[in-house]
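All of the numbers you see were taken from the coordinates with simple rules; none came from a lab. Predicted model only: the values in this text are computed from it and were never measured. Positions of Cβ are backbone-derived with ideal geometry, glycine not excepted, and every protein chain shown enters the neighbour counts.
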Amino acid sequence: MTRPAIDDRDARFRLGIIGHGMWPSAYLIPGARQLDGVDVVAVCGRDSARAADFADAHGIERSYDSIDRMLTVEDLDGVIIATPPPHHESAVRAVSGFRAAVLCEKPLALEVDSARRIRDLLVGRAALTGFTLRWHPLFQQLREAVVTQAVGAVRHVRIRYLQSSAATPARGWDWHFDAADEPLGVISDLGPHAIDLVRWMVGDVTEVSAFARTTIGERPDPGSGRDRQVTNHDDADVQLAAQSGATASLTISRVAPDAGVPGGITIEVLGDAGWIRVDSNEPDVVIGTASGIERRPVPVRSFQDGAGAQIGDFVRVARGEHVDGLPSIDDGYQAQLVMDAVARSLDARECIHLG
């Protein structure tokens, strides 16, 4: 079904961004500006000077260092929370006193209790979790093939989510290598996306078993000029079982060898009547059955190409429309339950059963 254009509405949608890092700059703001009926009117950050510089760089009229003040002055229709995960709960708590719809980036939080509080604060409000991969056309076509049982009932899903961004010590130490900010390292960073894709395709997870390691134990700290210890993981394998009976294997790494591309996601689905394969660096969904090999072309290859659709769906949800297949705040909470089980599996070195 074709969704109506955003600018079909008389009133323009007033959007605010909480956070001024790479993701708003590279993805969220360009996505919003693909839509004629959406205005990014304000940005908020804890550092007023950085927030002002960010606003100037992106042509945003006003900046704030207080969420309460931004929402009071601007009367926003929606906000996107794109701060580091430890600050999501405080941002949601501030927004909950106003009328704005909420898009909170993943992961909702760093532990289950905080994710639960975020979910409870947003009950009854138009809200989404920013599981960006659900808007990538390649993975949308993959899920359609799964849901329509193009290869029968799913038995197994394998996801390889590989990045080379930290493949050598030339990538200096930053907060991504600190367990205080990313407790499980690459699992905390990329894992929620992979877990959400599994849940999106085969349903709730019931069992978790995980292995992780740190391949580069020290990295140069640009601030001190000395090497600093990495306190989380940069490479992991996670095994999942779903209530549907399907199983899933996740390989997640940010130290994969540089093969000429910055990384990518490969997903293989094994059904009882065939298989499906997609690769984010290739343009086709490939389906193998007894009838032969079928290629379903998906010409869009960049993750950024889903940005406009993501912001557009957020606007529709904020305006009371129902759109199938979008990641709810409860989806963010459910992913955090699985992440918690991953952490417990790593600590206990055993399979964890979810209630």
query: How high is the FRET efficiency from THR148 to ASP330, r the C-beta distance, R0 30 Å, rounded to 0.05?
result: 0.75
statement: So, relative contact order of the stretch 9-142 in percent, Cα under 8 Å, 6 or more apart, is 21 percent
- prompt: How large is ³J(HN,Hα) for each residue in the stretch 204-217, as worked out from phi by the Karplus curve 6.51 cos²θ - 1.76 cosθ + 1.60 (θ = phi - 60°), to whole Hz, x for Gly and Pro?
  reply: 5, 8, 10, 9, 9, 9, 9, 9, 8, 8, 10, 8, 10, x
query: Excluding LEU346 itself, what net charge comes from residues whose Cβ is under 12 Å from its Cβ, given Lys and Arg +1 and Asp and Glu -1?
result: -1
query: Using +1 on the beta carbon of Lys and Arg, -1 on that of Asp and Glu, and nothing else charged, what's the dipole of the stretch 178-248 about the Cα centre, debye to 20?
result: 80 debye
query: Taking the Cα centre of the stretch 187-340 as the origin, how large is its charge dipole in debye, to the nearest 20, when only Lys and Arg (+1) and Asp and Glu (-1) carry charge on their Cβ atoms?
result: 280 debye
message: Suppose each label sits 7 Å from its Cα in the direction of the beta carbon; what would the GLU111-ASP56 distance come out to in nanometres?
response: 4.0 nm
- prompt: Using a basic spin-label model with each label point 7 Å from the Cα along Cα→Cβ, how many nm lie between ARG12 and VAL323?
  reply: 2.0 nm
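Taking the highest mean first, how do the peptides 203-211, 105-113 order by number of other beta carbon atoms within 10 angstrom per residue?
105-113, 203-211
At a Förster distance of 22 Å, what's the computed FRET efficiency of THR168 paired with ASP237, Cβ-Cβ distance as r, to 0.05? Intermediate values should be presented prior to the final figure.
On the way: r = 22 Å, r/R0 = 0.98.
Computed FRET efficiency for THR168 and ASP237 comes out at 0.55.
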query: Hey, with R₀ at 56 Å, roughly what FRET efficiency would GLU218 and VAL123 work out to, going by the Cβ-Cβ distance, to 0.05?
result: 0.80
message: Which three numbers, in whole Å and largest first, are the semi-axes of the equivalent ellipsoid of the stretch 127-182 derived from its Cα gyration tensor as √(5λ)?
response: 33, 16, 11
query: If you take the charge dipole of the stretch 6-131 about its Cα centre, with +1 on Lys and Arg Cβ and -1 on Asp and Glu Cβ, which of ILE29, ILE18, SER96 is farthest toward its positive end?
result: SER96
- request: Taking the Cα centre of the chain as origin, work out the dipole magnitude from +1 charges on Lys and Arg Cβ and -1 charges on Asp and Glu Cβ, in debye rounded to 20.
  value: 300 debye
- prompt: Near the amide H of VAL230, under 5 Å away, which other amide H atoms are found, from residues 5 or more places off or on another chain, if H is placed in the peptide plane?
  reply: GLU218, ARG219
field: Cβ-based exposure ranking for HIS322, HIS176, in which fewest neighbours within 10 Å come first
entry: HIS322, HIS176
- prompt: Rounded to the nearest 5, what % of the DSSP beta bridges within the chain are antiparallel ones?
  reply: 60 percent
- request: Could you work out how far the C-alpha centroid of the stretch 105-175 sits from that of the stretch 293-355, in angstrom?
  value: 4 Å
query: Using the Cβ atoms and a cut-off under 10 Å, what net charge is assigned to the surroundings of ARG213, where Lys and Arg are +1 and Asp and Glu are -1?
result: -3
statement: Listed by chain and number, the residues whose amide H is under 5 Å from that of VAL298, excluding neighbours fewer than 5 places away on the same chain and using placed H, are ASP284, VAL285
message: Taking amide H atoms as placed 1.01 Å from N in the peptide plane, list the residues 5 or more away in sequence, or in a different chain, whose amide H sits under 5 Å from that of PHE13.
response: VAL38, ASP39
message: Along the charge dipole of the chain, pointing to its positive end and built from +1/-1 on Cβ of Lys, Arg, Asp and Glu, which listed residue (ALA170, VAL315, THR72) has its Cα farthest out?
response: VAL315
query: Once phi is turned into θ = phi - 60°, what whole-Hz ³J(HN,Hα) does the Karplus curve with 6.51, -1.76 and 1.60 give for every residue of the stretch 94-100, x standing for Gly and Pro?
result: 5, 5, 4, x, 10, 8, 5
query: Taking every eigenvalue of the Cα gyration tensor of the chain, multiplying by 5 and rooting it, what semi-axes result, largest first, whole Å?
result: 31, 26, 20
message: Among LEU354, SER188, VAL298, whose Cα projects farthest towards the positive end of the dipole of the chain, with charges put on the beta-carbon of Lys, Arg (+1) and Asp, Glu (-1)?
response: VAL298
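Could you work out the mean projected area of the convex hull around the alpha carbons of the stretch 6-131, in square nanometres to one decimal?
On the way: hull surface 29.6 nm².
For the stretch 6-131, the mean projected area of the Cα convex hull comes to 7.4 nm².
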